[in-house]
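What follows is a short report on a single structure.
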Amino acid sequence: MVACLFVPPSSTAGVRAGDASRLIDVARRCSPRVEARAANLVILELEGLERMFGDLEALGARVCQAARDAGFAPVHVAVAGTRAAAMLLAVARPGVTIVPADAATETLAALPLRTLLVFAPDGSAQALAVFARWGLRTLGQLAALPAADLSARVGQAGLLWQRLARGEDACPLVPVVDEKPFEATHELEWPVESLEPLSFVLGRLLEPLCQRLERRDRAAAVLSLHLRLVTRETYTRSLELPAPLREPKVLRTLLLLDLESHPVPAGIDAITVAIEPTPGHIIQESLLERALPAPEQVSTLLARLGALMGDRRCGSPRPVNSHRPGAFAMAPFRVVEDARTVAPVGETGVRVRASVDLSRRDDSRAFVPGGTRIPDPRSPISVVALRRFRLPIPARVLIDSGRPISVRTERQGLQGGRVLAWGGPWRTSGEWWQVGSAGGTSELDRLRGRAGWDRDEWEVVLGDGGIYRVFEDRESGRWFVEGIVD
């Protein structure tokens, strides 16, 4: 059921386009979902309000009394099953009109045809003038016309007027969006220089903002903090949340952890918290799958890791458009609502891992047995993946007849040993045209920061039973262990 509140043009209140917000505020005192159709006509959704305000007669009386208390007199209020029926009845009948949902068509049939003129903006009443020339005087006569013949003579506009005369809605209710930004500011009497007193102020600002988000069925997508310093400068931090949130304690914790890793350079005079809203989400748990952490827990964990390790070191690996071995980009995490999985932003939630397809190697240079042959990776029962080390491990490699015969490292748990089987070398190079390099304190740092690369790759089976990928940097002659084949 819906209600329509209409203030006739002859009302003493004199509703103008600039005063439309007053009428919307009156309607919102009775219903949270309000649609404004004109400056003097609003629609209220009454579904579920009977338990709070009583039956339909009590709801209609409450809407009428709220309008009168705001200074609107006289007012027309109609309660019906559809928005079209409620609007027509409110325009045609003064006072409060209550029509059951099953009796709307019969009640509208007696209304004069000129009632539709209220809904004819910008001179679009040509079809109504045609109806008058046909001798139609009531909405019931228009509703009884054959739809096919009416469309052939008047077009689609005639069908729209007929649906309105029958009390049928052409579109769903579109509630008015609150244009007031989700923002709160607090002026401090004394400057704040530590996070402990700042946390209390943030809690006072976030509590009412999260309550507004909940009433509007919204959640925070981006959280911004603007701090006015004693130096008259503004220190701004913005957090893109991995999942929509509206828990004030969680949002406060995220802001404090961000400020812990990015300290404020001076005392704080004023605090402003701004929220960019997004539609709220509902997660349906499954009885057949294991429960996953809530988005609030994931967001807090990521914020703590970011404060501990740094923003650029926390995320999910994502492939990049490059032939450089091991090249990847670090993308922020987000929570995929449908799969309840953590994935990099912009991806589909597929878990990313570095892999190697050994089938790309040429059979003419396949693994040469120095002991036992490596299983064929192209076998349908074989799944091969390379677990790449974040930093290549320097190694000492002995060469005999152009192939490695021994690999040793100083890494604990990866001492190496004699080479039992091998494959390679596979030469790879690229970006030699790039100029410049990133400096470093060690040769490995300079190697990793160099613009181009030129190296020979080998895959070897060592005496410890592991399968490793090693490579020789051709420019420096140094050897490194790049990863282990699982």
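For region 223-235, what are the residues that are touching a residue at least 40 places away in the same chain (Cβ under 8 Å) and open to solvent by 80 Å² or more (accessible area, probe 1.4 Å)? Once the filter is applied, which keeps residues that are touching a residue at least 40 places away in the same chain (Cβ under 8 Å) and open to solvent by 80 Å² or more (accessible area, probe 1.4 Å), region 223-235 yields only R228. When restricted to residues that are of a type in the set (S, T, Y) and open to solvent by less than 30 Å² (accessible area, probe 1.4 Å), region 93-106 contains 1. Considered as a group, the residues in region 386-429 that are hydroxyl-bearing (S, T, Y) and part of a strand (DSSP E or B) include one that is most open to solvent (accessible area, probe 1.4 Å), and that residue is S429. Mind listing just one residue for me: the one in region 264-295 that is in contact with a strand residue (DSSP E or B) (Cβ under 6 Å, 6 or more places away or on another chain) and at pLDDT below 80 and, of those, surrounded by the most Cβ atoms within 10 Å (Cβ to Cβ)? Looking at residues that are in contact with a strand residue (DSSP E or B) (Cβ under 6 Å, 6 or more places away or on another chain) and at pLDDT below 80, I get P295. Considering the conditions (1) out of contact with any helix residue (DSSP H, G or I) (no Cβ under 7 Å at 6 or more places or on another chain); (2) of a type outside the set (S, T, Y); (3) surrounded by 13 or more Cβ atoms within 10 Å (Cβ to Cβ), V192 is excluded by exactly one of them, (1). Can you tell me which residue in region 209-222 is most open to solvent (accessible area, probe 1.4 Å), limited to those that are under 11 Å from I275 (Cβ atoms) and assigned to a helix (DSSP H, G or I)? For region 209-222, the residue satisfying everything is R212. Candidates in region 150-165 are the residues that are open to solvent by 80 Å² or more (accessible area, probe 1.4 Å) and not aliphatic (A, V, I, L, M); of these, the one that is modelled with the lowest pLDDT is Q156.
As an exercise: evaluate L257 against (1) open to solvent by less than 40 Å² (accessible area, probe 1.4 Å); (2) aliphatic (A, V, I, L, M); (3) touching a strand residue (DSSP E or B) at 6+ places or on another chain (Cβ under 9 Å) and give the number of the one condition it does not meet. All conditions are met except number (3). Checking A73, A90 one by one, the residue that is open to solvent by 20 Å² or more (accessible area, probe 1.4 Å), closer than 23 Å to D25 by Cβ and either in a helix (DSSP H, G or I) or not aromatic (F, W, Y) (or both) is A73 and no other. With respect to the stated conditions, V15 fails to be at pLDDT below 85, buried (at least 16 other Cβ atoms within 10 Å of the Cβ) and not in a loop (DSSP other than H, G, I, E, B).
The values are calculated or read from the model by the stated rules, or taken from the named source; none is laboratory data. Being a predicted model, the structure only gives us computed values, none of them experimental. For neighbour counting, all protein chains shown are included, and Cβ atoms are generated from backbone atoms with ideal geometry for every residue, glycine included. Quick note on the areas: whole protein, heavy atoms, side chains included, nothing else; ligands and nucleic acids left out. Shrake-Rupley method; radii C 1.70, N 1.55, O 1.52, S 1.80 Å.
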